[in-house]
Amino acid sequence: MSKEYDAFVENLRQLLLERLGLKEEQIFFKEQDEQGMTPSGDRLFVECHASPAGKEVCGIHTEELFDDYEDGVSLEKIADTVEKEIRKLKNAGFFEKTKNLNNYEKVKNDLFIRLLNRKKHKKELSKAVYRVIGDIALVLYMQVGEVKGCTTSMKIRRDCLDNWGLDEKTVFEAALLNTYFISPPRIFLWEKLIGNPEYNGECFMDLNQEFELRRENVGNCLSTVRRTNGAVAVFLPGVAKRLAELMKGDFYLVFTSIHEVMVHSVRMAYPEDLQEVLRDTLREATPEEDFLTDKVYRYCQETGDFMVYKGTVFLQVGGPHEEDEKETK
């Protein structure tokens, strides 16, 4: 590419050699090669484990990191992030999972969906598999292990779909269903949540049991059993439809973070008020890394569509990719 890029890659390589305690030959760089190891872009390869069965190597996409560097992220901070991820992946059994990445049947049960702010994560979504709803990206991930009780995961790139020989819709729908069973949706009652770390929420999706949502101004807290990245719950199969049935109509969605979303009946709240509450919450209580959106959304029971509040009206949203997104009244 450029001398600056070459220098960046070599400096990153030297930092990782030092921090990971590896030998020169254990970290090497390969430019994009359609017929070789790097068909989807330049990579810095790090040998993480060697055994009689072979070597386990992690490939780091350097072009994306160089974009961050040009945007002002320091080389030290980039090296910190890469080192941390490599150490996590080694401890999480990452390589045992990812060696099966080209075999859909072996990894399909580990696919799931996470939510990200589309604008904030624009660069890292450039090669990812995702759907768009307003300024929210529903992103395809694969779980690869656990570190200290936390799930370690990786984004699935679009070239994986080609390797699997499957279309995006088929894979995405399966991942949504996986997400439902991996971490089922729950309504959390504040009085039970406070002071009870073992509280797993209310199972409102069971059609054989009666359940009443609160319709007062405070709203209902929707998340998942894990309560991590739980805002995805509203986009899981059947959840929005079930909420509308319990609400007996449309409802507003206030995403206070990536972990939960507040659900309000349209009969009991005003979008302009919810917008103010959301802005205050984001400013005072939501860490930057947990931010999802500063927009209020609405679910329409009649059409099954999500809409976003802009100015004084709600606009219908939704699309498979950022470039395809259209907004109409």
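Read-outs: derived from the displayed coordinates by stated rules, not from any lab. Here the structure is a predicted model, which is why all the values come from computation and not from measurement. FYI the Cβ positions are ideal-geometry reconstructions off the backbone, even for glycines, and counts take in every protein chain you see.
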Check your understanding: In the chain, which whole DSSP H runs stretch at least 18 Å along their own axis (Cα) and average 1.0 or higher on the Kyte-Doolittle scale?
Key -> none
Exercise for review: Enumerate the aspartates and glutamates that Lys192 could reach by cross-link, defined here as Cα to Cα under 14 Å, with residues fewer than 8 away along the same chain left out.
Suggested key: Glu202
Study note, to complete from the structure: Checking Tyr104, Tyr141, Tyr270 against a Gaussian network model of the chain (alpha-carbon springs below 10 Å), the top fluctuating residue turns out to be Tyr270
**Study point:** Size-normalised alpha-carbon gyration radius of region 257-322, reference 2.2 N^0.38 Å
**Key:** 1.18
Practice item. Using DSSP, restrict attention to beta bridges with both residues in the chain and report what percent are antiparallel, rounded to the nearest 5. Key: 100 percent
Check your understanding: Projected area of the chain, taken from the Cα convex hull and averaged over every viewing direction, in nm²?
Key -> 19.6 nm²
Point to revise | Neighbourhood net charge (10 Å Cβ-Cβ; Lys/Arg +1, Asp/Glu -1) for Thr224 | key: +2
Check your understanding: Which aspartates and glutamates does Lys248 reach when only Cα atoms under 12 Å apart count, and residues fewer than 8 places away in its own chain are ignored?
Key -> Glu212, Glu302
Revision key, fill the gap. Full extension between Lys119 and Lys99 adds, at 0.36 nm per residue less the Cα distance, a length in nm of 4.1 nm
Exercise for review: Let me know the charge dipole size of the chain about its Cα centre in debye, to the nearest 20, where only the beta-carbon of Lys, Arg (+1) and Asp, Glu (-1) is charged.
Suggested key: 800 debye
Practice item. Could you run the Debye sum over the Cα atoms of region 109-190, one equal point scatterer each and no solvent, and tell me log10 of I(q)/I(0) at q = 0.13, 0.19, 0.23 Å⁻¹, two decimals? Key: -0.44, -0.91, -1.20
Review point. Can you pick out the pairs among Lys30/Lys108; Lys120/Lys155; Lys119/Lys155; Lys84/Lys119 whose Cα atoms lie more than 19 Å from each other?
Key: Lys30/Lys108; Lys84/Lys119
Point to revise | Two-site FRET efficiency, Arg158 against Thr281, from Cβ-Cβ distance with R₀ of 35 Å, rounded to 0.05 | key: 0.55
Study note, to complete from the structure: Dividing the helical contributions, -39500 (n - 2.57) per DSSP H run of n ≥ 4, by the residues of the chain yields a 222 nm value, nearest 500 deg cm²/dmol, of -9000 deg cm²/dmol
Review point. So, in nm, how far is label Lys23 from label Leu207 when the simple model puts each one 7 Å beyond its Cα toward the Cβ?
Key: 6.3 nm
Study note, to complete from the structure: Among Lys23/Lys99; Lys88/Lys295; Lys23/Lys127, the pairs whose Cα-Cα distance exceeds 26 Å are Lys88/Lys295; Lys23/Lys127
